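Notes to accompany the following structure.
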Amino acid sequence: MATRSVTSRPSVGRILAWAYLAVIILVTLFPFYWILRTALSNNYALHTNPSSLLPVDFTWGAFKRALGLATVAEAQAEGGSGASVNTALYLRNSIVYAGVQTALVVFCSATAAYAFSRLRWRGRELVFSILLCALMVPAIFTLIPNFVTVKNLGLTNSFAGMILPGAFFSAFNIFFLRQFMLGLSSEVEEAATIDGAGPLRVFFRIVLPMCSAPIATLCLLTFINTWNDYFWPLMVTSDDSVRPLTLALAVFKQSSPNTAVDWAGLMAATLIAAAPMLLLFVVFGKRIVNSIGFTGIK
Amino acid sequence: MVTATQETTTLPVAPVATARRRRIRRGHLPLALLMITPAVIGFLVFFAYPTVQGVYYSFTDFHVLSAPNWVGLDNFRELLADDVFWRSLWVTVYFVLLSVFFGIVISLITAVIMHRLTRSTVIRGLILLPFLISGVVAAMTWSWMMDPGLGIINSLLVELTGHPLLFFGDSSLAVPSLAAISVWKSMGYNAILIFAGLQTIPGTIYEAGRVDGATEFQMFRRLTVPLLRNILVMVVILTVIGSFQVFDIVQVTTKGGPQNASLVLQMYIYNKAFTQFDFGYAATMSLALFAMLIAITFTQLKMTRAGESDLN
């Protein structure tokens, strides 16, 4: 009885702590709710009731505008500009940019990590530590020269130009995977070697499958980072045909007139831009949370 | 050394395997080179070369269309005399201080409270959400919520105080507003890093503290914070480096205004390079930023002896 009251008594401190946590979660989540609430509102009606917690004059119109499905008359009736926003195209561009970049850089990092962990060769540690130096260089420093390189190659406004600089090398990815591969038991590998499998076969048939969990994590993190990337696409693209959604969103905001911003349409587009990340989060949330903890301890 | 002795002891047992291993060891070099080739090319072309190139550009007059023209230290002289640069450096430092201080304090408290109350991955996941969306989305959402006329925050402020605040239009509020967005976006990520650090602290240490009659707060100050030093230093360094390079939330909300009140360094560099096409001077400023980041990182590592841990 006595011990039970000690463990389950809701002390003042515990109540305050839960209250703090509740406030933090509320502040964290409220903006997401507010995006949804605004996106489902009629943009004209927003003026009449700016602090309503529910959508004002509920309508799907903002999503239709953001996806380019509304006619000009429909859009203007609900406070949209009527200008066409090709969200579907930007969405495709984002998927190509983030998808191809992720696939390439994770694969190249995996092969390099294998060479730096399971293969034995002279100079291995030296080359590895030189590559790690890249962690020290801030992105801004290499971005301007990289822009000049991409421009000289004639690749501005192309997927190749956007993807190339980050497609082959990521110091963090190599470090992360090497760390994991170093910890693999060598027994299975040796058994396969004795059975006559070459190291390349060992890599594809044994090491890659054994690393599927960290590889999946890296794919997630890289995809999220690339999807959210802003500065680099802003530098190398000026054409709608390759612009990713994140960038288009910012341009859309800057080009809309300050007097009558279509906030409902903007928030709908924002939600569409964030949706893939939120979806990944729902499916892989636990893995993302745990892998971030893991990168911290290493 | 250890592996070598282990191998000599296994040698008499399995001489065939060892011979094979030795042959393979010599034979790994070509394959290893093949496997690191993409990464090495990526490193050389898009990291090493641009780093050298960036240093070179900073000594040139370079406007993209014509070839760079060596001007020696001219850019650096211009930098020292450039009031806008010093102003933007100060704005950046102010932004960094606000983001680091509030970011670390709030995420530390959140992590410690989560650690004491719940192991729920769902709660940790929820506070991580802002980290997963782009800076553009975060900035857009907050600039809507902080909108002077229709934003929910100002609607509440008007009801409470009677007048709205121009978060991004007031030069004394612009940087704190940007810092608030940045803290909101990164708080969950930092809290999860710190939380992971807390999980590595053995519970027995706290039991010993409790036996000695320490209060919760004393244990937090005397046990948690010192034992978390490594993680805290890492989180501080990550936050400092990240905030020094803030760009997207500024570009979406204030574009550096009003009257350069929120013109952070990266924004200024971007303007120089892509609106005035002065790549040489932009490179000089990036070099200065790079030098500052390295100096800060090393100072922080030195001051806090981050390589050591009291746990082992």
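What is the ratio of the Cα radius of gyration of the range B:83-304 to 2.2 N^0.38 Å, where N is its residue count, to two decimals?
Ratio of Rg to 2.2 N^0.38 Å for the range B:83-304: 1.17.
If I ignore ligands, DNA and RNA and count only protein heavy atoms, how much of A:THR149 is accessible to a 1.4 Å probe, in Å² to the nearest 10?
Using a 1.4 Å probe on the heavy atoms, I get roughly 20 Å².
What is the pair-distance distribution P(r) of the range B:149-233, computed from all Cα-Cα distances in 10 Å bins starting at 0, with each bin given as a whole percent?
For the range B:149-233, the pair-distance distribution reads 14, 28, 20, 19, 17, 3.
Compute, for B:ASP212, the solvent-accessible surface of its heavy atoms (probe 1.4 Å) with the complete set of protein chains present, and express it in square angstrom to the nearest 10.
Taking all protein chains as shown, B:ASP212 has close to 130 Å².
D for chain A, whole µm²/s, Stokes-Einstein with Kirkwood Rh over alpha-carbon pairs at 4 °C and 1.567 mPa s: what number?
56 µm²/s
Hey, got the dipole for the range B:83-304? About the Cα centre, +1 on K and R Cβ, -1 on D and E Cβ, debye to the nearest 20?
560 debye
To the nearest hundred square angstrom, how large is the accessible surface buried between B and A, total for both chains, probe 1.4 angstrom?
Adding both sides of the contact gives about 8200 Å².
Which residue, A:LEU21, A:LEU208, A:LEU247, tops the fluctuation ranking in a GNM of chain A built on C-alpha contacts under 10 Å?
Ranking A:LEU21, A:LEU208, A:LEU247 by mean-square fluctuation puts A:LEU21 first.
Over chain B, what relative contact order in percent results from Cα pairs under 8 Å that are six or more residues apart?
27 percent
Based only on the alpha carbon positions, what is the Kirkwood hydrodynamic radius of the range A:158-298, in angstrom?
In the range A:158-298 this quantity evaluates to 18.4 Å.
Could you tell me, in Å, what Rg and Dmax come out for the Cα atoms of the range B:257-302?
Rg, Dmax (Cα atoms, Å): 12.9, 39.
Which three semi-axes in whole Å describe the equivalent ellipsoid of the range A:9-77, each the square root of 5 times a Cα gyration tensor eigenvalue, listed largest first?
Semi-axes, largest first: 39, 12, 7 Å.
Heavy-atom accessible surface, probe 1.4 Å, ligands and DNA/RNA ignored: which residues of the range A:173-220 lose at least 10 Å² versus the isolated chain?
The answer is A:GLU190, A:THR193, A:ILE194, A:PRO199, A:LEU200.
So for B:TYR94, A:TYR97, A:TYR20, what's the accessible-area order with a 1.4 Å probe, most first?
B:TYR94, A:TYR20, A:TYR97
Can you compute the helix-only [θ] at 222 nm over the protein assembly as shown? Use -39500 (n - 2.57) per DSSP H run of at least 4 residues, normalise by all residues, nearest 500 deg cm²/dmol.
Dividing the helical sum by the residues of the protein assembly as shown leaves -22500 deg cm²/dmol.
How about the range A:168-235: which GluC sites (Glu not before Pro) there lie in a loop by DSSP and see at most 11 other Cβ atoms within 10 Å?
Sparse-neighbourhood loop GluC sites (Glu not before Pro): none present.
If you look at just the Cα atoms of the range B:176-312, how large are its Rg and its Dmax in Å?
20.0, 66
Quick one: plug the Kirkwood hydrodynamic radius of the range B:154-201 (C-alpha pairs) into Stokes-Einstein at 37 °C, 0.692 mPa s, and report D in µm²/s.
250 µm²/s
Just name one of B:GLY280, B:VAL211, B:SER182: the one whose Cα is farthest towards the positive end of the charge dipole of the range B:182-312 (beta-carbon charges, Lys/Arg +1, Asp/Glu -1).
Highest projection toward the positive end goes to B:GLY280.
Over chain B, with the other protein chains present, what is the accessible area per residue in square angstrom, probe 1.4 angstrom?
47 Å²
Could you work out Rg/(2.2 N^0.38 Å) for the protein assembly as shown, with Rg from alpha carbons only?
1.06
What's the lysine pair count for the protein assembly as shown at a Cα cut-off below 18 Å, pairs eight or more apart or interchain?
For the protein assembly as shown, qualifying lysine pairs total 4.
Given the protein chains as shown and a 1.4 Å probe, how many square angstrom of B:TRP86 are accessible, to the nearest 10?
110 Å²
Identify, among B:PHE47, B:VAL240, B:LEU73, the residue whose Cα sits farthest towards the positive end of the charge dipole of chain B, taking +1 on the Cβ of Lys and Arg and -1 on the Cβ of Asp and Glu, with the dipole about the Cα centre.
In chain B, that residue is B:PHE47.
Kirkwood hydrodynamic radius (Cα pairs, Å) of the range A:88-255?
17.6 Å
Considering only protein heavy atoms and a probe of 1.4 Å, how much of the accessible area of the protein assembly as shown is carbon and sulfur, as a whole percent?
That share works out to 67 percent.
What are the residues whose amide H is under 5 Å from the amide H of B:THR60, where those residues sit 5 or more places off or on another chain and H is modelled from the backbone?
When sequence neighbours closer than 5 places are left aside, the close amide H contacts are B:VAL71.
Can you compute 3J(HN,Hα) from phi for each residue in the range B:185-198, using the Karplus curve 6.51 cos²θ - 1.76 cosθ + 1.60 with θ = phi - 60°, rounded to whole Hz and x for Gly and Pro?
Computed from phi, the couplings for the range B:185-198 are 6, 9, 4, x, 4, 5, 4, 6, 4, 5, 4, 4, x, 4 Hz.
Mind jotting down the three principal axis lengths of the range A:159-239 based on Cα atoms? Whole angstrom, largest first.
55, 20, 16
The values are calculated or read from the model by the stated rules, or taken from the named source; none is laboratory data. Predicted, not measured: the structure shown is a model, and the values here were computed from it. Note that each Cβ is placed from the backbone with ideal geometry, even for glycine, and that neighbours are counted across all protein chains shown. When the accessible area is computed, the model is the full protein with side chains, heavy atoms only, and any ligands, DNA or RNA have been set aside. Shrake-Rupley method; radii C 1.70, N 1.55, O 1.52, S 1.80 Å.
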